[in-house]
Every structure is written in C-alpha cells, then in structure tokens.
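Right, one structure below, let's go through it.
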C-alpha cells in the first residue's frame, strides 16, 4: 500500500471515530435528540416543529393541548378517530355534555373537571331525604336547601300569623318570622290590644313597639281619652293630644309630615317655580313636600318608594329598611291611596 492510499485510509478512520464519539447518548438516529424520530425536535412526532401531536388515544383524553393548536382532546379534529361523538359547542351543564369527553364551553376543563358539571357528576342532591340530611351529597359545597338541586323540596310558605310567630324559617330563605318580608302583610293588626301594646315587642312586624306604635293609641296613656285624629292646622296647633299617642301637635308625625299642615312650618306647595318656598334648602321636586302632595308634577324616580306602584310591590325600593306602607314616604303620601294616612 503506497503512502497516498495509507493517508486516505487514516483520515477516514479518524473521521469515523470522531462522529461516533460526539453523538449524544441515546441518539439512535443521529438527529441530535433522543426521541428516535429523525427530525431533531425532541417531541417524537417526526415533523420537526417541536410541539407534539394529538393523534393517540392517550393524547386525546389527557385534557391537554398537545399540539398547541388551541383545541383540546375531542375538540381537536386530529382526535376524531378516538372520540365516539361529535363535540357540540355550548354550556357544559347537561348529563350529555358532562360525559362526552369534550370541552363544550371552551373553558379548558372537560366533563366532571368542569365546575359547571357539578350536579351532573357523582351523587345528586335531588330527593327529599338527600335534601334534609345535613350533608353535601353531590360535593358542590351546598348543603340541603342551600343547594339549587333541592329547590323542589324546599321553600314552603311563611305568610300566616302562625308561621310568622313559630321561630322557624319556614320558607328556607334565611329569614325568620318578622325578619322575613313575607310576614309583613300577615302580621298587620297584631299589635292592637292591651296585651300586645305592653309586651315590649313589635307584634305586627313594623319597627314600632308598644306605645310607640300608632296602632296602640287606644291602649296607651290611659289618662287620655281619644277625641279623633290629630290632623289639620286646628288639631295640630291647639296643644291637645287628640289621638292619645303621646305626641302633641307638631311633635306628632301626623302633623309634621302632613303637607297640608302649615302651622308646623312652611311647605313647598309650589313645585315648579324654581324657588325654595319653605326655606329648607330644597327646591321644587328635590323637596319631599312636592312628592307627597296630591297629583304632584314630580315623578317617583327609580330607587325611590313614593308612588302607588312602588308602595304596593312588597319591595323595599329605597333600601331604607321599610317596605310599602311601613315606609313614611308611602304612608304620608297623598298619592298612595293604598296606604291609609296614619292617625
């Protein structure tokens, strides 16, 4: 063998040794990674993009977006062969959508891993026994009547004198007896005798107790003989407690809240002149006097309780703690005939 041939053989041997020596451990295909797919990206899918594919049964049920295309498992068209049904879009809140292997609402969670499926997975809290056992049977953190699934087994009425005085939350709304607005109508007239007007409680569910309640006028201040209502300029300026409620003349609400009584101060009776006629710093419709006067030109605005409609809807529209006729804005309002003017 001449020198030239020997030199070529030597160079070939050294090059082969270097190639073998520098190859990473486990790289069986020589592409620089260890996944054996020959594309060098390490994800094993052979396409060279490094993002993986969603093409196996395992890929299509692991709750991950393996190929980075924004679609997970059965929502990815690449998974069609592994999914038994077509994924329909919509809220994930039915038995079908909570068991189809699809992320129907696109929030990244599937079936029972989706909070929207609580109530459709595992036990259900939907029988009278399950709704009265003090247990969160379906694992949705709501127990018995606090669970919407129990609606049909909860929520009786709390709207009679008996139900409104038994110390029980009969309608399961979180409010008991007089704390429940449903009891307001049922208890009207229940503080109207010598016993209930001297027992230290509000028997009729209004905010007034015993002799502070106008309903008790005939049973309080026994040294006083009622002669009639305390209304009008004459009765509100004579120094006499006509209704025997303990309040005389302008100290009586039936005098100081009546827009037609003038002896207790000026009233804003002209509600369109742009003037503060009674000197209370309120002008025209900003003055309550203009809300109470008959056929007022001032509308009852949203969030107020001062009209026939808002004073008869069983709602505390102005959030002042008093509803309908229990609210002075209704009971002393000449535009609300459903609420008798307090005597």
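In segment 273-284, which residues are at pLDDT 90 or above and surrounded by 17 or more Cβ atoms within 10 Å (Cβ to Cβ)?
Scanning segment 273-284 gives a single hit, 284.
Residue check: is residue 215 surrounded by 15 or more Cβ atoms within 10 Å (Cβ to Cβ), in contact with a helix residue (DSSP H, G or I) (Cβ under 9 Å, 6 or more places away or on another chain) and under 30 Å from residue 313 (Cα atoms)?
Working: surrounded by 15 or more Cβ atoms within 10 Å (Cβ to Cβ): yes; in contact with a helix residue (DSSP H, G or I) (Cβ under 9 Å, 6 or more places away or on another chain): yes; under 30 Å from residue 313 (Cα atoms): yes.
So residue 215 passes the test.
Being modelled with pLDDT of 75 or more and not in a helix (DSSP H, G or I) narrows it down to one of 123, 107, so name that one.
Being modelled with pLDDT of 75 or more and not in a helix (DSSP H, G or I) holds for just one of 123, 107, which is 107.
From the list 131, 145, 164, 117, which one is farther than 30 Å from residue 59 by Cα, under 21 Å from the mean Cα position of the chain (by Cα) and at pLDDT 70 or above?
So the residue among 131, 145, 164, 117 that is farther than 30 Å from residue 59 by Cα, under 21 Å from the mean Cα position of the chain (by Cα) and at pLDDT 70 or above is 145.
Here are the criteria: (1) modelled with pLDDT of 90 or more; (2) over 24 Å from the mean Cα position of the chain (by Cα). Tell me which single one residue 270 does not satisfy.
(1)
A quick yes/no check of all residues on (1) assigned to a loop (DSSP other than H, G, I, E, B); (2) modelled with pLDDT of 90 or more; (3) touching a helix residue (DSSP H, G or I) at 6+ places or on another chain (Cβ under 6 Å):
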| position | (1), (2), (3) |
| --- | --- |
| 291 | no, no, no |
| 295 | yes, no, no |
| 306 | yes, yes, yes |
| 322 | yes, no, no |
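Out of the residues in segment 127-146 that are closer than 18 Å to residue 169 by Cβ and touching a helix residue (DSSP H, G or I) at 6+ places or on another chain (Cβ under 8 Å), state the one that is surrounded by the most Cβ atoms within 10 Å (Cβ to Cβ).
131
On the given criteria, is residue 171 modelled with pLDDT under 80, outside any helix (DSSP H, G or I) and over 30 Å from residue 322 (Cβ atoms)?
In short, no.
Return only the number of the condition from (1) surrounded by 12 or more Cβ atoms within 10 Å (Cβ to Cβ); (2) modelled with pLDDT under 75; (3) more than 33 Å from the chain's Cα centre (by Cα) that residue 85 does not satisfy.
All conditions are met except number (1).
The values are calculated or read from the model by the stated rules, or taken from the named source; none is laboratory data. Predicted model only: the values in this text are computed from it and were never measured. Backbone-built Cβ (ideal geometry, glycine too); neighbour counts: all protein chains shown.
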